[in-house]
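Presented below is the structure to which this report refers.
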Amino acid sequence: MTIDTHGDAILDHASAPGADAAHHGYITDKDKYLNRLKRIEGQARGIHKMVEDEKYCIDILTQISALTSALEAVAVGLLDDHLRHCVVDAARLGGAEADAKITEATQAIARLVR
């Protein structure tokens, strides 16, 4: 378990119930996520260059907003995959594992909406 920057406990994958599962919910979209993340990396490098080149503040903020939106889209997609696969699978099993997955998902949602 890890503690995030807000002091909340985060259930690490390695300590999560069912962590030895064969695959993660996002596995079928892995290439899509990797491509999105590569584009996001490029956006971040572009923003870095804009600051180095002393570009206009509002232009930099506009790019930061676009980067934030792109990251949020990845996060929502991963959350959706997690709910549809990991949480649903755990809910079918019931018991403590289901409770842990629901708590984990709730904590992840709370971190996203801060």
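Below, the figures for the structure above:
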| quantity | calculated |
| --- | --- |
| Check on LYS55, surrounded by fewer than 12 Cβ atoms within 10 Å (Cβ to Cβ), free of Cβ contacts under 8 Å to residues at least 12 places away in the same chain and of a type in the set (Lys, Arg) | no |
| Residue check, ILE27 of a type outside the set (D, E, K, R), assigned to a helix (DSSP H, G or I) and surrounded by fewer than 11 Cβ atoms within 10 Å (Cβ to Cβ) | no |
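Computed from the coordinates by the stated procedures, all read-outs in this text should not be read as laboratory data. As the structure is a computational prediction, the values presented were derived from the model and not from experiment. Please note: Cβ atoms are built from the backbone with ideal geometry, for glycine as well, and neighbour counts cover all protein chains shown.
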